[in-house]
Amino acid sequence: MASPTESLAANMNLSAFSKATELKSRIWFTLMALIVYRLGTYIPLPGIDPVALGELFKQHGGGILGMFDMFSGGALKRMTIFALSVMPFITASIIVQLLSAILPQFEALKKEGESGRTKLNQYSRYLTVMFALVQSYALAVGLENMMGGGAVTISSGFFRLSTMVTLTGGTLFLMWLGEQITARGIGNGMSMIIYSGIVANLPHAMAQTLELGRTGALSTWFILVIIVMVVGVLAVCVFCERAQRRILVQYPKRQVGNKMYGGEASHLPLKINTSGVIPPIFASSLLLFPLTLASFTNVQQKGGWMADLVTELGHGKPLFMVLYAALIIFFAFFYTAVVFNPVETADNLKKYGGFVPGIRPGKSTADYFDFVLTRLTVLGAAYLAVICLLPEFLMNKGSVPFYLGGTSLLIVVSVTIDTIGRIQSHLIAHQYEGLIKKAKLRGK
């Protein structure tokens, strides 16, 4: 049973939520925008034979197509106007972010504040258009080449042009919709779009797993193990995504006139998994892209060492597991170095008079931050590798659907935690606004 204090806190949260009109309007706007997105995932491209397309995905759906279909919420399998989802924008944003850490010109824009961020966002949009055009053209050519062009029912030139225009327009619309959700809704818009696609397909994945148990393809005990594993993975993800190392930061006292200011202590939170879900996504893309190209060109039917290599790089194979883990660990360290700069953080602390007790300001503080962050990233990279390799093993041994993989569960947990945190922030801000209004009325 809940204690009286917990019940009182729950009632206060419910009453605060009922009075927070702005928060409710933001939630309704987010829901309406996501409904529009889900409706768009059922509007098909012109010139596609759905029966031939279904057969095509049965043959080639285990590669990068399966992962992209997960991010698009099933739109790629149905070949709809949102088949590319927001993946071109995410790729463009990551490239711009990497360039801002490598090139001095982009780094200077990053430090200019709001005007610099506006220019970087504009560059991301230009790159999004370029990536969407290239990916839509490659997708159209791939559909024409596979199965002897049986999935395409119209002329080649018109199909390629219409596919490029439709898919690029769909991606740009989702980019605009995500920005609207970020500005007028709850949470990060792009993350919410990917999140809704994954969550919408989770019931189908669970039904598919239960159907395998009903037909005898999977045993009852194995299905119970899968359920326990999913719950355990979710619990580990929540714990590791919330876990952080808090470094104590002290600020000295300053005398201004006859008053003393400062002297308070704060902390610098460093997460175990600073890189988020970027390492599994990048590692999966790099490994599965050559496999998908090989399936397009029918390498395995021709035989030779290329066919053997493709076989060894299949899901659950030892070589695939080793390379997948190595790439996840590499990108975890690489992206953490891009996101968090110890030297810049130490300089900012020194500029405002902050210091870590027992550590000299400047280079010694930067070295200390780097030492702590490296140890945390070792744990974070190991956590990501285990979470992503365990479902790979189950997919290989028991034909578990791709939607129950580690990457999808990581995205669901991360976005859920972020959304709940934003809702709580809005509730706290609303309560403070109510207190300020009451204080003003009493003052009058």
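The values are calculated or read from the model by the stated rules, or taken from the named source; none is laboratory data. Model, not experiment: these values are computed from the prediction. With ideal geometry, Cβ positions are generated from the backbone for all residues, glycine too; neighbour counts draw on all protein chains shown. Accessible surface areas use protein heavy atoms only, side chains included; no ligands, DNA or RNA. Shrake-Rupley method; radii C 1.70, N 1.55, O 1.52, S 1.80 Å.
Give me the Å³ per residue figure for the convex hull around the C-alpha atoms of the stretch 97-213.
So the per-residue Cα hull volume is 180 Å³.
Hey, if you drop one equal point scatterer on each alpha-carbon of the stretch 128-284 and run the Debye formula without solvent, what base-10 log of I(q)/I(0) do you get at q = 0.17, 0.19, 0.20 Å⁻¹?
Log10 of I(q)/I(0), two decimals: -1.19, -1.22, -1.23.
How do the peptides 161-169, 104-112 rank, highest first, by the average count of neighbouring beta carbon atoms within 10 Å per residue?
Numbers: 161-169: 18.3, 104-112: 13.1.
Descending packing order for the listed peptides: 161-169, 104-112.
Accessible area of I81, 1.4 Å probe, to the nearest 10 Å²?
40 Å²
Assuming R0 = 41 Å, can you tell me the calculated FRET efficiency for the pair F334 and V238, based on Cβ-Cβ distance, to the nearest 0.05?
0.95
Quick check: the distance between the Cα centres of the stretch 169-224 and the stretch 64-126, to the nearest angstrom?
Taking the Cα centre of the stretch 64-126 as reference, the centre of the stretch 169-224 is 20 Å away.
With only Lys, Arg, Asp and Glu charged, each at its Cβ (+1 for the first two, -1 for the last two), find how big the charge dipole of the stretch 68-140 is about the Cα centre; round to the nearest 20 debye.
Approximately 100 debye in magnitude.
Give the aspartates and glutamates whose C-alpha is closer than 18 Å to that of K253, dropping any in the same chain fewer than 8 places away, or say none.
E264
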